[in-house]
Amino acid sequence: MAECITCGEYTKFNGGLCFTCYKKDGKSKDVPVAEKETEKTIVKKSESKSKENPWISGVIKGRIAETIVEELFRSLGFQVFSYGMENSIPGIKDLLKGVRGDVSKNIRQMPDFVVFKDNQAHFIEVKYRASGELSLKDIAKYGDYPFENALFVLVTKKHIKCISYNELSEGKEITSSSRNYLGNRKEFDTDKDLIIEYCEYAVKFFENV
C-alpha cells in the first residue's frame with residue numbers, strides 16, 4: 001500500500017503526500033474550494049431534508065398500505081370495492097374545504113374499501129403506523145365515528161393487524177406487541193401463509209421510511 005512520505009498514512013502514489021499533508025504543504029489551491037463546495041453540498045442536502053413535507057409523505061405511505069391490503073384481499077378471494085371519499089364522490093374533497101357539520105365529517109370518515117365474500121360484506125379502513133399502535137383516540141380525534149361495524153386493518157413495518165371499531169370502543173387497542181393479526185379474525189376465512197407473504201411486502205416498502 002502506498003504511504004505518505006510525511007505521516008505514513010495511505011496515499012494514492014508511492015513517494016507522495018496524503019491529502020492532509022498535501023493540504024498543509026500548501027501545494028493545492030483547489031483544496032479550500034473543494035472543501036467549500038462540500039460544505040455547500042451538505043447544507044443543501046440538509047435543507048432539502050428539512051423541507052420534506054410530512055403530510056405528503058404520510059399520504060404516500062397510506063396509499064402504499066391501501067394497495068397492499070387491497071391486493072391481499074383480492075388474493076384471498078374477496079371482491080374489493082373502493083369506497084372512500086375520493087372514490088365514491090369524486091371532486092367532493094375540494095368542495096368540503098372549510099365546510100363543517102356532521103355530513104361533511106361523515107363523508108371524510110368513509111372507510112377505504114368494502115370487501116365482499118360468501119354473502120358477507122365488510123367495511124375496511126386501512127391505516128399505516130410505523131409505531132404499530134392504534135387506539136380509539138386515533139379514530140375519535142375527528143369526532144364520533146359513524147361506521148360502527150367497520151374493521152381497521154393496520155399495516156406496520158412487521159405485521160398486518162386488524163381490530164373492529166366496536167373493540168376499540170371497548171378500550172381494546174393494537175400495540176406493537178399485541179397479537180391482533182389479520183389471520184386470526186373470525187370474519188375472514190384467511191390464508192395465514194398468504195398474509196405473511198404480504199407482510200413481507202410491507203416490510204420491503206416501509207423498512208427505510
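Each value in this text was obtained by applying a stated rule to the coordinates, not by laboratory testing. Just so we're clear, the structure is a prediction, and the values are computed from it rather than from any experiment. Counting neighbours? That spans all protein chains shown, and the Cβs are built from the backbone with ideal geometry, glycine included.
General remarks:
- Segment 144-163 residues near the modelled Lys105 label - backbone nitrogen below 11 Å, point 7 Å along Cα→Cβ: 144-146
- Where a label projected 7 Å from the Cα of Lys186 along Cα→Cβ would reach, residues of segment 157-176 with amide N under 18 Å: 162-173
- Charge tally for Tyr165 (other residues, Cβ to Cβ under 11 Å; Lys, Arg +1; Asp, Glu -1): -4.
- Taking a Cβ cut-off of under 14 Å around Ser75, the surrounding Lys, Arg, Asp and Glu residues balance to a net charge of -4, with basic ones at +1 and acidic ones at -1.
- Taking the convex hull of Cα positions in segment 54-206, its mean projected area over all directions (nm²): 9.2
- Packing-based ranking, highest mean first, of 196-203, 108-115 given that Cβ atoms within 10 Å are counted: 108-115, 196-203
- Length gained on full extension, Ile56 to Ser177, computed as 0.36 nm times the residue gap minus the Cα-Cα distance: 40.7 nm.
- Highest-first arrangement of 151-159, 133-141, where packing means the average Cβ count within 10 Å: 151-159, 133-141
- Local electrostatic count at Lys141 - Lys and Arg +1, Asp and Glu -1, tallied over other residues with Cβ under 13 Å: +2
- Inter-probe distance in nm under a simple model that places probes 7 Å from Cα toward Cβ, at Ser169 and Ser82: 3.0
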